[in-house]
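Right, one structure below, let's go through it.
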Amino acid sequence: MHIQLIRHATLKITFGGQTFLVDPMLSAAHTLPTTPNTPNPVENPLVELPFSVEEVLNGVDAIVVTHTHPDHLDAEAVNKLPKHLPLFCQPPDEEKLIQLGFEQVIVVADEMDWQGIRFQRTGGQHGTGEIGVQMGPVSGFVMTGEGEPTLYLAGDTIWCEEVEQAIGTYQPDVITLFGGAARFLVGDPITMTKEDIAKVAQAASDSQIVVAHMETWNHCLLSRKELREYVAEKNLSAQVHVPEDGEGIDFQ
């Protein structure tokens, strides 16, 4: 298995002989509006893609969309993605994705098999209280395949009971987390904080963890530097990986 961070939540994952593009957001820097009511009111995304859109899309066999917030599926991705590719999603997003023109929307309601790969959907909480409700439903996905490590794509979630249950149930070898501690001017963070990431590492002590979703969107306040320093203090550096945009990691 190979996991490459493209930018923000966009990952390119080679698994079971297939290449998946996860949560594609392909806009050029500063071409999307700021997320309002946040401490850092600047236009998104904050940085450019590490390479061309054509290179991002090269070799992609299928798409995974954890949810359809614009930092996980933007208009540029909708325009550029080949519409015939299989697209895996959570049930609430099926109709929207069909209306956007995708021809092969595959809903993972619970679990399903595709090309020798099993997908199992997990829950999460995209924040707490009323903000969490307003953020809408989000999902993660566990992927298993012969000869591959078990991969848990946690999606946009904080540390919560659903994440703890997924770790206990599936015992993943590799976990991808969306960090950044994204937040608004009021309320709690809506994605993983550094403390949340440490809790995941403690609960999944045998798992390797890849953290993305940082330094690209205006309401993500946790930087790579701060997270790396924190995991070093907690003696988690060998377990928690914080890649740069464009960086890839192999897992056996």
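The values are calculated or read from the model by the stated rules, or taken from the named source; none is laboratory data. Quick caveat: nothing in here was measured; it's all calculated off a predicted structure. Because the Cβ atoms are built from the backbone with ideal geometry, glycine has one as well, and the counts that use them run over all protein chains shown.
If we keep just the residues of region 199-218 that are small (Gly, Ala, Ser) and buried (at least 19 other Cβ atoms within 10 Å of the Cβ), which is nearest to Leu153 (Cα to Cα)?
So the residue we want is Ala212.
Would you please name the residue that is farthest from Gln202 (Cα to Cα), looking only at residues in region 119-147 that are part of a loop (DSSP other than H, G, I, E, B) and in contact with a strand residue (DSSP E or B) (Cβ under 6 Å, 6 or more places away or on another chain)?
Applying the first criterion (part of a loop (DSSP other than H, G, I, E, B)) to region 119-147 yields 123-128, 136-139, 146-147.
From what is left, the residues that are in contact with a strand residue (DSSP E or B) (Cβ under 6 Å, 6 or more places away or on another chain) are 124, 139.
Details: Gly124: 18, Ser139: 22 Å.
Per the stated criteria, the residue is Ser139.
Would you mind telling me which numbered condition in (1) in a loop (DSSP other than H, G, I, E, B); (2) free of Cβ contacts under 8 Å to residues at least 40 places away in the same chain; (3) within 20 Å of Gly155 (Cα to Cα) Thr14 fails?
Against the list (1) in a loop (DSSP other than H, G, I, E, B); (2) free of Cβ contacts under 8 Å to residues at least 40 places away in the same chain; (3) within 20 Å of Gly155 (Cα to Cα), Thr14 comes up short only on (1).
Would you say Thr35 is in contact with a Lys or Arg (Cβ under 7 Å, 6 or more places away or on another chain), in a loop (DSSP other than H, G, I, E, B) and hydroxyl-bearing (Ser, Thr, Tyr)?
no
Assess whether Pro41 counts as being within 17 Å of Phe141 (Cα to Cα) and touching a Ser or Thr at 6+ places or on another chain (Cβ under 6 Å).
Answer is no for this residue.
Starting from residues that are within 19 Å of Phe251 (Cβ to Cβ), among the hydrophobic types (A, V, I, L, M, F, W, C) and outside any helix (DSSP H, G or I), keep the ones in region 192-230 and report whichever is farthest from the chain's Cα centre (by Cα).
Among them, the one singled out is Ala204.
Output the qualifying pairs, or none if there are none: Cβ atoms under 6 angstrom, residues six or more apart or on different chains, first residue in region 183-199 and over 19 Å from Gly140 (Cα atoms) and of a type outside the set (Val, Ile, Thr), second residue in a helix (DSSP H, G or I) and at pLDDT below 95.
Between residues of region 183-199 that are over 19 Å from Gly140 (Cα atoms) and of a type outside the set (Val, Ile, Thr) and residues that are in a helix (DSSP H, G or I) and at pLDDT below 95, the close pairs are Gly187/Ile131.
I need every pair where a residue in region 212-231 that is within 23 Å of Lys12 (Cα to Cα) has its Cβ under 8 Å from the Cβ of a residue that is among the acidic types (Asp, Glu), sequence separation at least 6 or different chains.
His213/Asp156; Thr216/Asp71; Thr216/Asp245; Trp217/Asp71; Asn218/Glu43; Ser223/Glu215; Arg224/Glu215; Arg224/Glu244
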